[in-house]
1. Can you give me the distance in nm between label points at Asp280 and Thr25, each placed 7 Å from the Cα along the Cα-to-Cβ direction?
2. Of the beta bridges DSSP finds with both residues in the chain, what % are antiparallel, to the nearest 5?
3. So, counting K/R as plus one and D/E as minus one, what does the shell of residues with Cβ under 10 Å around His95 add up to?
4. So, counting K/R as plus one and D/E as minus one, what does the shell of residues with Cβ under 13 Å around Glu79 add up to?
5. Out of residues 5 or more away from His319 or on other chains, whose amide H comes under 5 Å of its own, with H placed 1.01 Å from N in the peptide plane?
6. How large is the charge dipole for the chain, taken about the Cα centre, if only the Cβ atoms of Lys, Arg (+1) and Asp, Glu (-1) carry charge, to the nearest 20 debye?
7. Take Arg170, Arg77 and order them by how many other Cβ atoms sit within 10 Å, fewest up front.
8. Would you kindly give the portion of the calculated P(r) for region 127-278 that falls above 25 Å, as a percent of all Cα pairs?
Amino acid sequence: MSDVVLETKGLVKHFPITQGIVFKTRVGAVRAVDGVDLQLRRGETLGVVGESGCGKSTLAKLLVGLEKPTAGSVQVRNEDMVRLRGGALRRARRHIQMVLQDPYTSLNPRMTVGDIIGEPFEIHPEVTPRKGREKAVQDLLDTVGLDPGHINRYPHQFSGGQRQRIGIARALALKPEIIVCDEPVSALDVSIQAQVINLLESLQDEFGLSYIFIAHDLSVVRHIADRVAVMYLGKVVETGNDEQIYEQPTHPYTQALLSAVPVPDPRLRGRRDQIVLEGDVPSPANPPSGCRFRTRCWKAEDICAEEEPLLQIRESSAHPSACHFARPRDVLHAS
């Protein structure tokens, strides 16, 4: 356990649903994250995948403290971020930073690149002396593959891929151990995606970083992640290493996701056992009883509505899966 740099236990985030204008009455809650246990080890990349609306981005905000959890804990370097206050919380936040999804809206258009990357130094002045901040910003620009001479330019003068590199430089400014990447390449062209992924991998090797990498593109996650957690409707339904998730998935939802990944080789397309999920994702304000995936699952039986399956290793599976009928299944996918 000494190499665990981040751990969540029973992490929950419910957003209240209210009625009324003056006297608001709570009538329910959106269960965006509903009991998530995760571990991230030093130097590791943990991929978090799932459909839009499954709670991935809310989870990211909880990890870095942008949202306060309804229940549970977020431990960074054995400190519970949820319980920290004031200066202790500010100091702890140095160790976990975030790269946001959209490079076009995550940078202040009225600030120069130098001010954007250097802003963390204003909040944490102990990291870099004032006299050395300009040089530190230039070094960060060079580290992410940008021209240090562009320090006085504004975000609109850069392309989308370059803007995301600026966001990465900002995340690196405080020399964190953990970086949460919330779909960092989803808004970029495919060729630029590969460049940013390669940059993240080289930075991980150089600085010993640990990543939480959130995405809906399973091909991207496979390229960078050491382990994968699959989320559905606020819960983790399967976890495992690269080979376990991509070669022998056991949860029906994971199998369906993998069957939807495009296969570039036309000779292999006919061999794929395509899984088409029927119906829509249930509302997180009123999730199904028992297994949350049962309303779209072809394996569902009476027990699925009565008993919620635990995320655990079963006789039929070598890695944790939250399914009463977890069975390995070969799935053809894009490499």
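1. Modelled inter-label distance: 2.6 nm.
2. Values: 28 of 46 bridges.
Taking every DSSP beta bridge within the chain, about 60 percent pair in antiparallel fashion.
3. Numbers: positive: Arg77, Arg91, Arg93, Arg94, Lys175; negative: Glu79, Glu177.
Local net charge: +3.
4. +4
5. Amide H to amide H, under 5 Å and 5 or more residues apart or across chains, His319 pairs with Arg314.
6. 1020 debye
7. On the way: Arg170 24, Arg77 14.
By the 10 Å Cβ count, ascending: Arg77, Arg170.
8. Values: 4831 of 11476 pairs.
The calculated P(r) of region 127-278 puts 42 percent of pairs beyond 25 Å.
None of the figures in this text is laboratory data; all of them are computed from the coordinates on show. A quick note: this is a predicted structure, and the numbers were derived from the prediction, not measured. Reconstructed Cβ throughout: ideal geometry from the backbone, glycine too, with neighbour counts over all protein chains shown.
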